[in-house]
Amino acid sequence: MRMLAGRLAQSVLLLWIVATLTFLLLRAAPGDPAALLIAPSASAADVARARAALGLNRPLPVQYARWGRALLEGKLGESFVTREPVSLVLERALPVSLGLGLSSLLLTFLLGILVGTVQAARRGGPLDTTLTVASTAVYAAPSYWLSLALVALFTYGAARWGFPPALRLPAFGMRDPAGGASGWSALTDLMRHAILPVVTLTAIGAAGIARYSRTLVSDVTGLAFVQTARAKGVTPTTLYLHHVLRNALPPLVVLFALALPGVLAGSVFVETVFAWPGMGRLLVSSILARDYPVVMGATVLYAALVILANLAGDLALPVLDPRRRS
Amino acid sequence: MPRLPQTTWRVRWAIALLAALVIGAIVVPLVAPTDPRAIGDVLAMRLLPPFARDSAGHVHLLGTDRFGRDLFTRMMLAGRVSLLVGLLGALLAGGAGILVGAVAAWRGGVLDRVAMAIGDALLAIPRLVLLLVFAALWAPGATMVVIVLMATGWMGVARLVRAEVLGVRTQSYVEAAMALGARPGRILWRHVLPNALGAATVAITLGVGSAILLESGLSFLGLGIQPPEPSWGNMIAGGRDAIVTAPWVALSPGVALILTVLACTLLGDALRDRLAGEETITLRARG
């Protein structure tokens with residue numbers, strides 16, 4: 001319990017340092033957000049008025065203190081561009097990314113562990129080598145390239161090779177503007193739109209997990225108790241599901257927690273290519289517009305997710321692995 | 001146990017691939033019949049398919065982009081930038097990490113705590129997000145990308161080196177060197193750092209692949225290398241508009257990118273297996 005409280009305090013402190021660093025970084029940047037907001041023909045007085053309205057004319061420590069106090073009250077400020085509360089902007093974008101990230105993360109682990117286990121079972125054989133080369137190659141592919149390849153396949157390719165209508169997946173956007181607004185048809189429409197982004201994220205993630213779980217599973221199969229189980233005549237399915245994977249699972253569960261923020265960050269490109277209005281696209285567009293409060297809010301949110309994931313991973317390990325309980 | 005024959009087979013492929021790419025990147029733009037940056041007769045030349053022959057009789061191995069420039073020549077020219085920026089970014093990040101880690105561990109105290117707190121805070125932000133924030137602050141270009149790669153990539157190496165240095169500094173041969181009156185800088189350089197370099201080398205080698213991926217990612221988003229100077233990332237971005245009608249424009253530069261990152265990963269893995277003596281896989285931040 002005391003350890004937990006200590007870890008929590010540490011996490012909060014770390015988050016505060018992250019927020020401060022972000023604040024300092026953004027204020028050190030050249031480029032005046034006020035000048036971007038108003039017409040280029042505006043006079044110097046107009047720019048000064050806009051700066052004053054945004055609170056940018058005050059000394060840095062004053063800005064920091066005001067921003068810090070607001071943060072403690074849970075206020076992330078207002079977007080410079082749309083004047084909406086940052087929390088509202090993030091609330092809109094986060095579910096999109098979380099939905100994409102979580103569904104692909106689940107598929108990633110199922111597929112990755114399956115491939116890794118098959119490789120470990122056939123270690124050194126041609127299937128293992130082929131899968132290793134394939135997963136290393138997919139892992140080396142940038143997500144936006146893979147996204148574009150899928151877009152090309154389902155637009156250019158679909159027209160060229162005459163895909164059947166069921167296979168003509170939508171390559172852009174989150175929903176069909178002409179589709180149903182609610183209920184069942186809206187859900188299926190959303191799922192059809194989600195297939196290509198989720199496949200992209202899953203393919204890359206699964207390649208990494210396959211590499212990792214191959215090593216993990218191979219380490220376990222070398223242990224004596226696996227030999228004993230084999231000698232007792234346990235079927236391969238029981239052996240792998242019951243004995244091997246049970247032992248290889250704890251680090252994989254921790255990795256699952258650690259992988260979530262990475263998937264969220266990785267979806268920057270996938271959201272950009274497929275035009276999904278999630279956190280990634282929000283971050284890129286607000287960086288380009290120098291919308292400091294939104295950039296800061298998004299960065300702190302990303303960091304909070306990473307710190308939370310680390311905490312969850314640390315706490316999950318002793319629960320899953322009795323050997324780690326001390 | 002790693003099987004050595006297979007390892008060397010992979011390493012040989014990786015080295016051959018990288019050598020081919022480097023030679024291609026140096027030679028191809030020099031001997032190319034058309035200027036890969038100049039825009040000529042756009043209407044007649046744009047978006048030619050692979051292996052097309054233009055009116056001047058030049059064959060375009062991979063076709064042309066939307067301005068009618070030869071894709072293969074541009075891809076090789078882009079290789080210069082991407083390889084150089086990736087290599088420099090990873091090396092400088094590694095160098096900065098070694099410096100910070102070694103000095104923090106050696107001096108200890110407040111300096112150590114502040115350096116590690118900043119490192120931990122930066123590690124808590126996904127590297128891509130951090131990279132985007134950094135990249136957006138200063139004018140885009142190759143130098144900026146290298147600096148940003150350094151600024152966002154030193155933390156992992158710094159932690160590795162710090163742990164190694166802390167482990168080594170209490171060894172008796174270090175105490176012996178101190179007793180002999182060697183200056184701290186000399187002890188650090190001659191006795192402590194060589195022991196910490198193995199782990200750092202592996203991290204830096206694997207870092208080259210990530211750095212190339214991240215550079216191309218930044219350039220893809222328009223925050224990295226700026227056209228008309230080609231990089232694999234901005235070439236892919238440039239072909240995005242034509243993805244429905246001429247997908248090869250966006251997709252072919254990606255093949256060079258994937259092969260490069262693949263070769264770097266294979267080399268890094270082999271190096272780690274050699275140094276660590278066992279097969280271990282670490283997941284790294286992805287572009």
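Values in this text are rule-based calculations from the coordinates and carry no lab data. Keep in mind that this is a model prediction, so the values were computed, not measured. Positions of Cβ are generated from backbone atoms using ideal geometry, with glycine treated the same way; all protein chains shown enter the neighbour counts.
Using a Förster distance of 25 angstrom, determine the FRET efficiency expected from the C-beta separation of A:THR237 and A:VAL133, and round it to 0.05. According to the calculation, E is roughly 0.40. Cut-off 18 Å, label point 7 angstrom out along Cα-to-Cβ of A:ALA65: give me the residues of the stretch A:14-29 whose amide nitrogen falls inside. Residues A:20, A:24 qualify, since their backbone N sits under 18 Å from the label point. Within chain A, the proportion of C-alpha pairs whose separation exceeds 26 Å stands at 61%. Measuring nothing but alpha carbons in the stretch B:155-271 and taking Rh as the Kirkwood radius, the Rg to Rh ratio lands at 1.26. Using the Cβ of A:GLY112 as centre and a radius below 13 Å, the other residues enclosed give a net charge of +2, where K and R count +1 and D and E count -1. Extending 7 Å from Cα along the Cβ direction at B:ASP35 and again at A:LEU315 yields two label points whose distance is 6.3 nm. Each residue of the stretch A:97-106 was assigned a 3J(HN,Hα) from its phi angle through the Karplus curve 6.51 cos²θ - 1.76 cosθ + 1.60 (θ = phi - 60°); the sequence is 5, 5, x, 4, x, 5, 5, 6, 5, 4 Hz, with glycine and proline shown as x. For a modelled paramagnetic label at B:ASN195, 7 Å from Cα along Cα-to-Cβ, the residues of the stretch B:156-181 in reach, with backbone nitrogen under 19 Å, are B:158-181.
When each full DSSP H helix of chain B is screened for a Cα extent of at least 20 Å along its own axis and an average Kyte-Doolittle hydropathy of at least -1.0, the helices passing are B:4-31, B:71-107, B:109-123, B:142-168, B:193-220, B:248-276.
Take the alpha carbon gyration tensor of the stretch A:94-278, find the square roots of its eigenvalues, order them as a ≥ b ≥ c, and report rounded if a/c is under 1.5; if not, report prolate when a/b exceeds b/c, else oblate. Because a/c hits 1.5 or more and a/b exceeds b/c, the stretch A:94-278 counts as prolate.
What residues from the stretch B:146-170 fall in the zone where the backbone N is under 17 Å from a label point 7 Å along the Cα-to-C-beta line of B:GLN226? The answer is B:146-148, whose backbone nitrogens lie closer than 17 Å to the label point.
Diffusion of the protein assembly as shown by Stokes-Einstein, at 4 °C in a medium of 1.567 mPa s and with Rh set to the Kirkwood radius over alpha-carbon pairs, works out to 49 µm²/s.
In units of the compact-protein estimate 2.2 N^0.38 Å, the stretch B:112-223 shows a Cα radius of gyration of 1.33. Across chain A, the relative contact order, built from alpha-carbon pairs under 8 Å that are at least six residues apart, equals 27 percent. Compute the whole-percent fraction of alpha carbon pairs in chain B spaced more than 23 Å apart. So the portion of pairs separated by more than 23 Å is 60 percent.
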